[in-house]
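Below you'll find the structure, written out as structure tokens, and then a few comments.
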Amino acid sequence: MLSADKMYDTNDVYDALTSEFPESDIVIAPKENLYADDAHHPKRMSNLVAYFALDPMCWQNTKQYGKRNVSENAMHRYKTIIGPQLHSRDFENQQ
């Protein structure tokens with residue numbers, strides 16, 4: 001399962017993920033302004049239909065969308081411990 005937030009809800013992202021991981025379940029919440037269209041990626045449209053058919057909270061529980069938050073929180077804690085060095089682009093500061 002591949003999970004991301006709404007910012008990554010684009011056809012390009014779905015195409016890239018499907019080309020690298022064709023059998024995976026892609027779990028990306030649809031953007032509010034997304035509409036059903038044949039031009040969109042099929043997995044993206046199935047997410048859209050399921051999202052509005054189930055309601056957002058039920059969709060999140062069914063797709064285990066909350067696991068994404070666990071990884072984001074872990075990275076936030078790690079960055080807090082490491083401090084500003086992780087944000088630096090200079091190799092010496094990253095060390």
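The values are calculated or read from the model by the stated rules, or taken from the named source; none is laboratory data. Remember, predicted model here, so these are calculated numbers, not experimental data. With ideal geometry, Cβ positions are generated from the backbone for all residues, glycine too; neighbour counts draw on all protein chains shown. Just the protein is used for accessible areas: all its heavy atoms, side chains included, with ligands, DNA and RNA removed. Shrake-Rupley method; radii C 1.70, N 1.55, O 1.52, S 1.80 Å.
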Notebook entry, point to check: Could you give me the ³J(HN,Hα) list for region 47-60, computed from phi with Karplus coefficients 6.51, -1.76, 1.60 and θ = phi - 60°, whole Hz, x at Gly and Pro?
Noted result: 5, 4, 4, 5, 4, 7, 6, 8, 5, x, 5, 5, 4, 4
Note to self: Between Lys63, Lys79, Lys43, where does the largest GNM mean-square fluctuation fall for the chain, given springs only between Cα atoms within less than 10 Å?
What the structure shows: Lys79
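If each DSSP helix of 4+ residues adds -39,500 (n - 2.57) and the sum is divided by the residues in the chain, what number results at 222 nm, nearest 500 deg cm²/dmol? Write down the numbers at each step before the final one.
Numbers: 5 runs with 51 residues, N = 95.
Counting only the DSSP helices, I get -16000 deg cm²/dmol.
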Item checked: Among Asn61, Asn69, Asn33, residue whose mean-square fluctuation peaks in a GNM of the chain (springs only between Cα atoms under 10 Å) -> Asn33
Check: How large is the accessible surface per residue of the chain, computed with a 1.4 Å probe and reported in Å² as a whole number?
Finding: 73 Å²
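In the neighborhood of Asp9, defined by Cβ-to-Cβ distances under 12 Å, what is the net charge if each Lys or Arg adds +1 and each Asp or Glu adds -1? Kindly include the intermediate steps, with their values, before the conclusion.
Working: positive: Lys6, Lys31, Lys43, Arg44; negative: Asp5, Asp12, Glu32.
Value of the local net charge: +1.
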Notebook entry, point to check: Amide H to amide H under 5 Å from Ser3: which residues, 5+ apart in sequence or cross-chain, H placed 1.01 Å off N in plane?
Noted result: Val27
Checklist line | Karplus-derived 3J(HN,Hα), 6.51/-1.76/1.60, for each residue of region 71-79, Hz, glycine and proline x | finding: 5, 5, 5, 4, 5, 4, 5, 4, 5
Next item on the list: Could you work out the local net charge near Pro22, counting Lys and Arg as +1, Asp and Glu as -1, over the other residues with Cβ closer than 12 Å to its Cβ?
Entry: -3
Check: Counting only protein heavy atoms and using a 1.4 Å probe, what share of the accessible area of region 1-87 belongs to carbon plus sulfur, as a whole percent?
Finding: 58 percent
Checklist line | Loop-resident sites, the chain, for chymotrypsin sites (Phe, Trp or Tyr not before Pro), counting at most 14 other Cβ within 10 Å (DSSP) | finding: Tyr35
